[in-house]
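Shown next, in structure tokens, is the structure this report addresses.
What follows draws every value from the coordinates through simple rules; no lab data is involved. Computed from a predicted model, the values in this text were never measured in an experiment. FYI the Cβ positions are ideal-geometry reconstructions off the backbone, even for glycines, and counts take in every protein chain you see.
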Amino acid sequence: MNQDYIIPDNWSIIEEGFEQDLVKSSESLFSIGNGAMGQRANFEEYYSGKTFQGSYIAGIYYPDKTKVGWWKNGYPEYFAKVLNAPNWIGINIEINGENLDLANCAAVKNFRRELNMKEGWYHRSFTATLQNGTEIEVQVHRFLSLDLDEVGVINYQVTALNQDAKIVFKPYIDAGVHNEDANWEEKFWEPLHVKNNGNEAFVTARTFKTHFTATTFMQNMILVDGKNVNASPSNVTSSNDKIEFSYEVSIAKNQSATIQKIGGYTVSMNHENTEEAAKKVVSEAISIGYNQLLEDQIKAWAKIWEMSDITIDGDVKAQQGIRFNIFQLNQTYLGKDSRLNIGPKGFTGEKYGGSTYWDTEAYCIPFYMATKDQQVARNLLTYRYNHLEKAIENAAKLGFKNGAALYPMVTMNGEECHNEWEITFEEIHRNGAIAFAIFNYYRFTGDYSYIPEKGLEVLIGIARFWHQRATYSTYRNQYVILGVTGPNEYENNVNNNFYTNYIAKWCIDYTIDQIQKIEKEYTSDYTRILNKVKLSVAEINHWKEVADNMYFPFSEEHDVYLQQDGFLDKELVKVSDLDKSQRPINQKWSWDRILRSPYIKQADTLQGFYFFEDHFTKEQLEKHFDFYEPFTVHESSLSPCVHSIQAAVLDRMEQAYTFYLRTSRLDLDDYNKEVHEGLHITSMAGTWMSIVEGFGGMRVKNETLHFEPKIPTQWKGYSFKINFRNQILKVSVQSNETKFSLEGNKPITVFVKGKEILVEPNSLVTV
């Protein structure tokens, strides 16, 4: 049974009632972020129950040395951890001499959390009776500023309900934190110094090894019944990594005392002197003030939603799901800094380590291309270009030569930092996703300049890798690719994974096409690049031989491409015939049993049919979908969206809708029983794709937008916007018609179910 405690709402994530068993799940679901930092929904006050404290700063990591009893040449030297950052939110509360602790109160009533996605803030409220009999009401408001992205703000209000109360607010900042997944309670921050002045405090620490420096800061203001009482701390307690202030406030029954805390981080990635930078940021935040900061936050989110919102009429859970996904994507990455990328957990947890997977290229780039300025997607591509030399080094460690590039499966700085052999060395299809993203970017934006400037060098490095990684089989008289793991990670070290072989061939063909185009149209770039990479016609011909003679396993009996050579050797028991008590298999079975089973973690062969849809007929898609989907357990967050899109193509709308709900509410309903570890950020872009590419049928063909609009029976209508080549097209779909409107300065032609439609600026076209 999936969890079902989040109250359906169009614009908010809401929890009512205090359940200690759900605290860690809610800490994930109510997380906030602003692209530069993020914060799990931990309580500000002390909590003795089970909790996963997590604060994160974009780009800050730790290279944890890989520990293995035996070594393999080329084995990654470290596993990069997403670091838990110093705690800035802490505010311990003492009431009439007793610490407020929701795990230890005599009673907790009216507990409610709300994450308002429209306006970008998190609110928590409850009534508590302490062991000493004091009854209080608490209202807490928290947000991370989009405009001042080094700043977080807390407004913590306590109201005395049944008697007068002496309240002691104890705000603190603490660099003595540890990671949830750390070995032996290991710490990763070296404290440097602690300073305070009046109501301000600063803790500066740096990471071991990587020497990122961060100054964590706080500034506090005390209010009684909404009025600033100009309080100073009555006591200051500090150690080498923590500082805590005490503010004593006496209030009468029904009066309220509030602490407003400004906190956050300034880091050495952005500042030479993090302390001085912190002082300036605090000063700026104070001068703006709490109310204005909140107003600015609401305006900033309104601007984001203006472009990225998807509306669904008639299905609150579906609406809540898509907005939650879009909200979290925008909290994680806003495209301001090309040094940053999108980690699978974003700012909500530590699982997987590293900051970048193939998820970015395969799933996230389409979302950012269509909902933001194209520069954002270009920054994501530039991130990989900047890591090209590291990718060449990674390949060289494995014995590849001549500038062959193998991009890491997981990285922080371009270097491979994943410590699972089958992932690091076998899941090489990630190279293909990076090349596909270059193709996809040009297809959508029409901006070819990226390829001669940067992209071609990346493509050449990748083509060289595929050429060297393929093996000529005298038995087959074709080229094969041995010992790989495809997107389906429930099959390791297999031969001739269809998807891997297919994308390898495509990468080589596409690279050759771009070389020829650039030779004709960008002569100076062509000369510069070929001289730099020392590429010859003879080498290109060798590539072509591999691409033209690539082997793809095929079953004549089933008339389908085989996921890998040995797939039919398995006991082909469908998922529907698997006892439900065995699910999810990744939590019930040994790895050995999973590898021997026919069960597919995520779209694999069908991933190839998704990327290269126009290479196959609809009949072929149907045949492969019907063959593989019954064996797919969808235990990867990346799986349901691809299947939803393909089910929609096949007019199987009920199935498409079911898959859509699974991808959009994966975390809200905790399908995979792991939301307490953090959210599945990168797969959330797949939810957007499920609607726009699945139900909307949006494709770019021959420089033109094409649509095949469909609608689930559960919906009355839906709408989305697309930033297509610097003009914004709004699409509104209902069961009997589709409407188009254009924000731009020149008309565009779109195709709807094959029919050519002209859409003029600032006019409505109904089809």
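So for 229, 575, 249, fewest C-beta neighbours within 10 Å to most, what's the order?
229, 575, 249
Please compute, over every Cα-Cα pair in the chain, the percentage with a separation greater than 38 angstrom.
42 percent
Filter 227/253; 401/570; 209/673; 109/580; 24/227; 209/261 down to the pairs with a C-alpha to C-alpha distance above 25 Å, please.
In this structure, 401/570; 209/673; 109/580; 24/227; 209/261 lie more than 25 Å apart at Cα.
With θ taken as phi - 60° and the coefficients 6.51, -1.76 and 1.60, list the Karplus ³J(HN,Hα) couplings across the range 394-409 in order, rounded to whole Hz; mark glycine and proline as x.
Using θ = phi - 60°, the values come out as 4, 5, 4, 4, 9, x, 7, 10, 6, x, 5, 10, 10, 5, x, 5 Hz.
Calculate one ³J(HN,Hα) per residue across the range 93-107 by plugging θ = phi - 60° into the Karplus curve 6.51 cos²θ - 1.76 cosθ + 1.60, and present them in order as whole Hz with x for glycine and proline.
3J(HN,Hα) across the range 93-107, in whole Hz: 10, 10, 10, 6, x, 10, 6, 6, 8, 4, 7, 10, 7, 5, 7.
Check each of the chymotrypsin sites (Phe, Trp or Tyr not before Pro) in the range 433-518 and keep only those in coil by DSSP with at most 16 other C-beta atoms within 10 angstrom; list them in order.
Answer in residue order: 448, 475.
For 238, 639, 55, 283, which order do you get if you count the other beta carbons within 10 Å of each Cβ and list the fewest first?
Ranking 238, 639, 55, 283 by Cβ neighbours within 10 Å, fewest first, gives 283, 238, 55, 639.
Mind checking the range 687-743 for trypsin sites (Lys or Arg not before Pro) that DSSP puts in a loop (not H, G, I, E or B) and that have at most 15 other Cβ atoms within 10 Å?
Sparse-neighbourhood loop trypsin sites (Lys or Arg not before Pro): 716.
Residues with amide H under 5 Å of residue 405's amide H, sequence separation 5 or more or different chain, H placed in the peptide plane at 1.01 Å from N; which?
462, 464, 465
Tell me, what HN-Hα J-couplings in whole Hz come from the Karplus equation 6.51 cos²θ - 1.76 cosθ + 1.60 at θ = phi - 60° for each residue of the range 635-642, using x for Gly and Pro?
8, 9, 5, 7, 8, x, 5, 4
Which far-off residues, 5 or more places away or on another chain, put their amide H under 5 Å from the one on residue 85, with H placed in the peptide plane?
55, 56, 57
Mind checking the log10 I(q)/I(0) for the range 12-304 at q = 0.10, 0.17 Å⁻¹? Debye, one equal scatterer per Cα, no solvent, two decimals.
-0.54, -1.51
For the pair residue 273/residue 317, report the inter-label distance in nm, with labels modelled 7 Å from Cα in the Cβ direction.
Each label point lies 7 Å from its Cα, and together they span 5.7 nm.
Give the residue list of trypsin sites (Lys or Arg not before Pro) in the range 456-563 that are DSSP loop and have at most 14 other beta-carbon atoms within 10 angstrom.
Filter output for the range 456-563: 476, 534.
Among 281, 198, 46, pick out the residue whose Cα is farthest towards the positive end of the charge dipole of the range 12-304, where Lys and Arg carry +1 and Asp and Glu carry -1 on C-beta, about the Cα centre.
281
For the chain, give the magnitude of the charge dipole about the Cα centre (Cβ charges: +1 Lys/Arg, -1 Asp/Glu; no others), in debye to the nearest 20.
Roughly 1000 debye for the chain.
Per the Cauchy relation, a quarter of the hull surface: what is the mean projected area of the convex hull of the alpha carbons in the range 462-562, in nm²?
Across all orientations, the range 462-562 yields a mean hull projection of 7.9 nm².
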